[in-house]
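All remarks here apply to the structure that follows.
The values are calculated or read from the model by the stated rules, or taken from the named source; none is laboratory data. Predicted model, so just to flag it, every value in this text is computed and none were measured. Methodologically, a virtual Cβ is constructed for each residue, glycine included, from the backbone with ideal geometry; neighbour enumeration extends over all protein chains shown. The accessibility values were calculated without ligands, DNA or RNA, using every heavy atom of the protein model including side chains. Shrake-Rupley method; radii C 1.70, N 1.55, O 1.52, S 1.80 Å.
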Amino acid sequence: MLRELVKRWSNHKVMVRWLSRFFHYLDRYFIARRSLPALNEVGLTCFRDLVYQEVNAKKRDVVISLIDQEREGEQIDRALLKNVLDIFVKIGMGQMDCYENDFEAAMLKDTAAYYSRKASNWILEDSCPDYMLKAEECLKRENDRVSHYLHSSSEPKLLEKVQHELLSVYATQLLEKEHSGCHALLRDDKVEDLSRMYRLFSKIPRRLDPVSSIFKQHVTAEGTALVKQAEDAASNKKVYTLIVLFLISLCAILF
């Protein structure tokens with residue numbers, strides 16, 4: 001269906017372009033004086049009313065289904081998807097209403113549902129570092145989709161959905177995982193994992209607050225332990241010195 005739609009759209013554009021050439025004089029002078037829509041605009045309107053509106057829901061669902069298939073690791077025709085999504089953009093005649101209302105809104109809703117399902121499983125199965133690796137990879141792939149076939153205006157909205165479902169919703173559980181959370185990463189000096197945690201959460205407003213709180217607790221605990229060790233060492237050294245002096249005095253008395 002998508003291939004046939006793209007083919008008809010391509011043929012329609014060719015026909016409108018040639019008609020515009022044939023009737024260039026009328027389009028430039030007669031139409032302008034009568035305040036009538038230009039031939040190119042009429043051509044787009046006809047395609048929108050006779051073709052686009054008829055298959056809108058079906059083609060949107062097919063495109064979203066293909067995107068989900070790609071998220072699952074399947075190979076899809078990205079060039080075909082780009083051509084189909086270009087129709088959503090072009091049919092708006094300079095406005096993004098058709099793209100946003102007829103496709104983007106449903107795509108973002110599906111994206112949220114998809115990653116909500118994934119996150120609910122990953123948070124139970126994976127350690128904090130493994131979960132963050134998956135989240136980072138998902139964000140990279142969504143960025144890649146924008147660069148290949150989605151409109152650039154979708155990027156911030158799409159990434160916000162992914163960040164919310166994968167990171168914001170499970171931030172507390174992720175950071176407080178018993179054997180692999182933020183405390184454990186700080187304790188074991190997992191610099192690479194801590195860097196990834198910063199990269200992921202720094203892009204979300206106020207999501208670094210719990211990380212900074214845990215870091216403060218860690219630094220305070222480590223600092224307190226070091227101070228105690230220093231005090232104990234100083235105390236032990238003082239006791240050792242007194243014992244040595246006592247033994248020297250005792251030897252002096254005995255010998």
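Here is how the numbers come out for the structure above:
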| quantity | calculated |
| --- | --- |
| Residue in segment 51-61 that is in a loop (DSSP other than H, G, I, E, B) and at pLDDT below 85 present | no |
| Whichever residue in segment 167-192 is open to solvent by 10 Å² or more (accessible area, probe 1.4 Å) and not in a loop (DSSP other than H, G, I, E, B) and, among such residues, is nearest to residue 135 (Cα to Cα) | 168 |
| Considering residues of segment 113-155 that are of a type in the set (A, V, I, L, M) and surrounded by 14 or more Cβ atoms within 10 Å (Cβ to Cβ) only, the residue nearest to residue 174 (Cα to Cα) | 123 |
| Number of positions in segment 119-165 that are among the charged types (D, E, K, R) and touching a residue at least 60 places away in the same chain (Cβ under 8 Å) | 3 |
| Matching residues, segment 198-221, being touching a residue at least 40 places away in the same chain (Cβ under 8 Å) and open to solvent by 50 Å² or more (accessible area, probe 1.4 Å) | 199, 203, 207 |
| Meets criteria (farther than 20 Å from residue 126 by Cα and part of a helix (DSSP H, G or I)) for residue 195 | no |
| Residue within segment 184-197 that is on the phi > 0 side of the Ramachandran plot and without any contact (Cβ under 8 Å) to a residue 60 or more places away in the chain present | yes |
